[in-house]
Amino acid sequence: MIMRSMPSITANKKRLGYIPIGYKLILTFLIFILLLVSVNFYISHSMYDASMRKQTRVNIQGTLMQIRDNVAYKVDDIVQTSFTLYDDQALIQSIRKKETSYNNYNRMTKVIKPKLESASKAIGLNLRLSVYFHNETIDQKYQIWEKKNKQDFAEQTFDIYHMKHIINKFWYFTLPKERYNVTMLWKQVEEDERDGRISLIRRIVDMQNPLEIEEVGIMRFSVRISELFESVDYTKLGEGSMLSVVDPVGNVVFTSGKAIEEDKQNYLTIEESLPQQNWKIVAQVPLNIIEQEAKRVRTVFIIICILCVVLFTYAGFLISQYFSKRIMKIVSVLNSFREGDLHKRIAYRGKGEFPQIANALNAMGEDIEALINKVYLTQLQKKEAELEMLQSQINPHFLYNTLSSINQLAKFGETEKLQNMVVQLAQFYRLTLNSGKTMIPIAAEVEQAIAYLDIQKVKYGQRMEVSFDIDADIWSYETVKLILQPFIENVLKHAWSGDRIHIRISVMKEGDSVIYRIIDDGLGMKQERIDEIFDPRDDSHMGCGIRNIDQRVKLHYGNEYGVSIFSRVGIGTSVQIRIPARKRNLQGRSKE
């Protein structure tokens, strides 16, 4: 790189009086990375936590289904055993008969007792079968279960009672109305509650007359609750969990695990139904089991995020140094140009965007310097001198604004947009320089405006909409260069009234004139402000670009041509530039 009169970095800092762009870039990049990593951590952790909770619920649900199936299997065995008695017509007919003496003995020994004994031993549970008959000719056979020494009697037994033992019992009166092979009830009756048992209660009915079902007896299969619900074990879900079996009215039939007295919001509750019995198996699992795994994963995420921040910060430092050095050198050259030192040059190796900008700057400096020398050496007429000087003010003004946009993109780490804008800037300057010509084809002026809009699209994206209306007959005419772009820039700088803006660019031949129109739907302005813009006595910087273009057109073509503005507040603005329709002199004009 070659530069002349390069001041020291310390002197630059003292002279500038602001934080260098390199520090701004790294600070912005660091904030962006912290925000990105934080959001990524939050989203990833939330998704993992939700996934883990879902998987835990699925696992618990699967365990509950296995428990439900085990309980249902035992319950179904008891129900099926009761059905063998319920549907045994030979047994029912034997129960109905009024027998005495020898016939009764044969009935008891050959029919009733064998069938009841077979039913009591049909499954491998500690089963007490109790039957109650309306027919009092049937002999009673029963044990006194109220005696405490028989509470844990382990054999499979059956007892025969007459109905008078239960005829006045509340549980007998509350039996539902009989529906064939449907009506049955699980309930703790008689000694069940004391002995920790539960009974399946069913009627024994005679179906000789289906319209009048006759009750001939009651059968009660009593089984230990701990045996029936043996598979309902809280250890299958983990320490601190609780499993409960709840009946249809909400009473807890069986519980495994310690009762939960803490805030139930700290527990994951899942239910599984036993449809045939209308019971529910309810699982309550403490969330701290899930939180322990989540804490471990959270620690891993935090370590990964810290590593990412360190690596990205280092990468951002290198990138910011790369861009800041080059931008500061470009700004230094521009400041020299602004101060009148047109001899300073800058050069970069390679074929990237920065070398193109450096070449464009150097070429611009050379062109401006050559133009000034030409004015002084040849003593051009005042009109031509003013025209060239006004035109020379346009390019640096646009470049300052564009580099400011590049600076903003670099601040926020928008490196891809920054690169695109630099490429478009180089293309714009290739069109702008145009071999130093003042007069260019209208097609080149339109192409130059399009190049500028491409630069702005990198900055504004979908917020900016542009449409063109170009008369095909105007391509053979020429124009003073760089009169469209400043007005487009002015729209994008001052006309926004929301988060979107639409710009319509029209180039038409009307009679002996070519009319440029730049129309926007932006903020608009009052007529007083328009008058101030065209007032040469206005010393403010507002509107100086518009006055420059108006003066350039008038100096080159005459006072009958120039710029006019029509605007209404809240509706938009229409700028019109009128120049004479002059065809290009392809043979005679090689250089302006």
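The values are calculated or read from the model by the stated rules, or taken from the named source; none is laboratory data. Quick caveat: nothing in here was measured; it's all calculated off a predicted structure. Cβ placement follows ideal geometry from the backbone for every residue including glycine, while neighbour counts extend to all protein chains displayed. Side chains are part of the model used for accessible areas, which takes the heavy atoms of the whole protein and leaves out ligands, DNA and RNA. Shrake-Rupley method; radii C 1.70, N 1.55, O 1.52, S 1.80 Å.
Taken across the range 94-117, residues that are open to solvent by less than 50 Å² (accessible area, probe 1.4 Å) and within 23 Å of residue 301 (Cβ to Cβ) do not occur at all.
What number of residues in the range 288-319 are at pLDDT below 75 and open to solvent by less than 50 Å² (accessible area, probe 1.4 Å)? Residues meeting the conditions: 2. Just give me the residues in the range 74-96 being within 60 Å of the chain's Cα centre (by Cα) and within 19 Å of residue 163 (Cα to Cα), in sequence order. Passing the criteria: only 82. The residues in the range 495-522 that are in contact with a helix residue (DSSP H, G or I) (Cβ under 7 Å, 6 or more places away or on another chain) and either open to solvent by 60 Å² or more (accessible area, probe 1.4 Å) or in contact (Cβ under 8 Å) with a residue 60 or more places away in the chain (or both) can be counted, and the count is 5. Take the residues in the range 55-76 that are open to solvent by 70 Å² or more (accessible area, probe 1.4 Å) and without any contact (Cβ under 8 Å) to a residue 60 or more places away in the chain, then tell me which one is farthest from residue 237 (Cα to Cα). Checking each candidate, the answer is 73.
Of the residues screened, residue 245 is not one that is of a type in the set (A, V, I, L, M), open to solvent by 20 Å² or more (accessible area, probe 1.4 Å) and closer than 22 Å to residue 188 by Cα. For the range 187-197, the condition of being under 53 Å from the mean Cα position of the chain (by Cα), under 28 Å from residue 140 (Cβ atoms) and either crowded, with 20+ Cβ neighbours inside 10 Å or of a type outside the set (Gly, Ala, Ser) (or both) holds for at least one residue.
Counting only residues that are surrounded by fewer than 17 Cβ atoms within 10 Å (Cβ to Cβ) and in contact with a His (Cβ under 9 Å, 6 or more places away or on another chain), which one in the range 357-383 is modelled with the lowest pLDDT? This residue is 383. Within the range 71-128, the residues that satisfy the criterion of being outside any helix (DSSP H, G or I) and either touching a Gly at 6+ places or on another chain (Cβ under 7 Å) or over 30 Å from residue 230 (Cβ atoms) (or both) are 97, 98, 99, 100.
Within the range 550-564, residues that are assigned to a loop (DSSP other than H, G, I, E, B) have Cβ atoms under 9 Å from residues that are open to solvent by less than 20 Å² (accessible area, probe 1.4 Å) in these pairs: 558/580; 560/580; 561/513; 561/553; 561/577; 561/579; 561/580, counting only partners at least 6 apart in sequence or on another chain.
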